[in-house]
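I have a structure here, written as structure tokens, and I will follow up with some questions on it.
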Amino acid sequence: MIRLLSTGLLGLFALLAQVASATTLDPAQDYHSLSNPHQVLTTHLNLDLAVDFKKRELAGHVIFDITRKDSEAKELVLDTRDLTIIAASARIDGKWQKTGFKLGKVDPAMGQALRIALPKSADQIKVQYRTSPQASGLQWLTPAQTAGKQHPFLFTQAQAIHARSFIPLQDTPQVRTTYVATLRTPKALRAVMSAENTPNAPKTGVYTFKMPQAIPSYLIALAVGDLDFKAMGERTGIYAEPSMVDSAVAEFEDTEAMLEATEKAYGPYSWGRYDLLILPPSFPFGGMENPRLSFITPTVIAGDKSLVSLIAHELAHSWSGNTVTNATWRDLWLNEGHTTYLTYRIMEIIYGTDRFNMESVLGYQDLQSDLADLPLPYQQLAIDLRGKDPDDAFSDVPYEKGALLLKELEARVGRPAFDAYLKQYIADFAFQSLTSEEWLAYVQKHLVDKYPEQVSMARLKQWIYQPGIPEGAPKPESDAFTKVDQDRAAWLAGERRASQIDVAQWTVHQWLYFLNNMPSALKAAQLAELDKQFKLTASRNNEIAHSWLLIAIRNQYQPAYERLEDYLVHIGRRKLITPLYKALMDSPTGAKFAKRVYAKARPGYHPLAQGTMDAIVNP
Ligand code: BES
Ligand code: ZN
């Protein structure tokens, strides 16, 4: 009876939970902002901040131009996280007067709403505030964490919802604002922003910026450090610490060609200059497409341009993402899927079809391995993120599955037609945000109706709303990998020694394919043979090192552990360290090593990377 009752209750709870999760999702609603742009819209912001490295604090004010969407609106609601609000004022007939404000209760994923009383005829609102040393969107680096070791460094990372931790604002990709900014820094340092920068501005400690195109909040970015600038081409250049500038210029010298090729294929570049900012190795991402100034990890400076698809990717976002933007974080795949597709195409134009094929296969394999352990709801392109932190849904799905869908469309309608379609899509939605459903409606009109034999709505919906890769999807292949498969198989079967494999012409991609497709268990003697022959533990290519270290961990290959420790302590890029910590945690001795090394590495990691690794190493 008790059992019956409890199963009955459980059943009821399960039913209630189902009903709750089935509550209709409104695709147009951004569930990750507490702000009220539908009543009062901010259209321009004027930022004035002092950068205090001792206190690890930004302090100053932001002034908003506002447009009333609802003439009865009585308040402006902004997103904040961990901000101290000092005062709010409203400008009425050209005069500032104090106005009331209130911070709402803390939501762990979203932060706190800041409700500011809006007097009837106010046309601007000003907020004085300061950030917290723990701000999720800021990383404050000590001199020891930089290349030059002399000066501190600060950078922001706003995507997805961290802009609110350094500016109180309407933190949703549905709102676009232009901005101007003044940053006040120590005199020895240079400040840069995702805006018009003056490449060789004198180091006065006061820097001003202007972003004339309206951008979503997640693209507002700043960095402060000992930065030099060097031009690469007419519109492209590098900002980096002095000791890094030349190697970065050499590595990324094809950026100008990439920019021209992308313009030719997909329409004019709308942003003036395209520069790269090289960050210290604790930058938690590979790159971030901050407009006019992509932020780039130094871990891709390999000396041979083998990892520059990252630059093609961040550049491509200037079209897909920065020009045409996802409406909510559920639609992230519109940004990343289109960008990943464009990346492959740019790489093909600049480096040829062999490289295109190899990178396509590696991307496809990354997707397969992500899908192997992702819960089904996270395998959809449009992921229901209500009540979740958008950072937690990060995987290869929006990137590689999104790109695969576009490759399928390309294969079905033919490359010329698909290129024309994509160019038109970018032009039609320029400087707008769109939902997955708006995308579907657009594709229906421009592809499904025109090519009813080739493309169907049912198929598109399967891609977007169902988990996994649809049956019959394109499967990338590379001839350059066939030989690698044969070599690996012969070596594993004991028919060929490592010294007998002809690796002289192998590219980094072939190395990655060779290593990534090893069986998970290898014998100690096999590992020693590979390492002796190919010097893998000593590899200075961070991707090859990553693939090799993963093999070393799975097989507890001790000679690589010193390198592993050094790698984990010096690199903070999430994509490179997360799989290593995860693999370490699979064995008791590995877990012990992980905990010891993480204790040492953690203070140098970005808050986002700390959050991810905390959950893995100290769950
Ligand atoms: N915009 C992303 C980074 C991002 C996505 C930050 C979502 C926060 C939330 C950036 O363009 C990106 O995709 N970076 C990749 C590199 C790329 C080559 C796949 C990365 O950092 O690994
Ligand atoms: Zn991206």
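The values are calculated or read from the model by the stated rules, or taken from the named source; none is laboratory data. As the structure is a computational prediction, the values presented were derived from the model and not from experiment. Cβ: placed from backbone, ideal geometry, glycine included. Neighbour counts: every protein chain shown.
I need a count of the residues in the range 274-299 that are more than 13 Å from ligand 2 (Cβ to nearest atom) and part of a strand (DSSP E or B).
The total comes to 6.
Filter the range 314-336 for residues that are under 16 Å from Phe394 (Cα atoms) and aliphatic (A, V, I, L, M); which is nearest to ligand 1 (Cβ to nearest atom)?
Of everything passing the filter in the range 314-336, Leu332 is nearest to ligand 1 (Cβ to nearest atom).
Still on this structure: Hey, among the residues in the range 300-326 that are small (Gly, Ala, Ser), more than 15 Å from the chain's Cα centre (by Cα) and over 16 Å from Arg573 (Cα atoms), which one's farthest from ligand 2 (Cβ to nearest atom)?
Applying the filter and picking the extreme gives Gly303.
Could you look through the range 470-516, keep only residues that are among the basic types (Lys, Arg) and surrounded by fewer than 14 Cβ atoms within 10 Å (Cβ to Cβ), and pick out the one that is farthest from Lys305 (Cα to Cα)?
So, considering only residues that are among the basic types (Lys, Arg) and surrounded by fewer than 14 Cβ atoms within 10 Å (Cβ to Cβ), the one farthest from Lys305 (Cα to Cα) is Arg497.
I would also like to ask the following. Against the definition (loosely packed, with under 14 Cβ neighbours inside 10 Å, without any contact (Cβ under 8 Å) to a residue 12 or more places away in the chain and acidic (Asp, Glu)), how does Asp449 come out, yes or no?
Against the criterion (loosely packed, with under 14 Cβ neighbours inside 10 Å, without any contact (Cβ under 8 Å) to a residue 12 or more places away in the chain and acidic (Asp, Glu)), Asp449 qualifies.
Here is a further query. Would you pick out the residues in the range 300-313 that are more than 10 Å from ligand 1 (Cβ to nearest atom) and either of a type in the set (Asp, Glu) or assigned to a helix (DSSP H, G or I) (or both)?
Asp304
Under the condition of being at pLDDT below 95 and assigned to a loop (DSSP other than H, G, I, E, B), which residue from the range 389-408 is farthest from ligand 1 (Cβ to nearest atom)?
Asp389
Let me ask something else. His509 versus (1) more than 30 Å from Tyr378 (Cβ to Cβ); (2) in contact (Cβ under 8 Å) with a residue 40 or more places away in the chain: which is the lone unmet condition?
(1)
A further question on this structure: State whether the residues of the range 314-334 include one that is crowded, with 21+ Cβ neighbours inside 10 Å and within 19 Å of Ala473 (Cα to Cα).
Within the range 314-334, one or more residues are crowded, with 21+ Cβ neighbours inside 10 Å and within 19 Å of Ala473 (Cα to Cα).
Just checking: which of the helices (runs of 4 or more DSSP H) contained wholly in the range 551-614 hold 1 or more residues that are closer than 24 Å to Ala109 by Cα?
Output list reads 574-584.
Taking Glu529 as the residue in question, decide whether it is acidic (Asp, Glu), farther than 22 Å from Phe356 by Cβ, in a loop (DSSP other than H, G, I, E, B) and free of Cβ contacts under 8 Å to residues at least 60 places away in the same chain.
No; evaluated as a whole, the condition is false for this residue.
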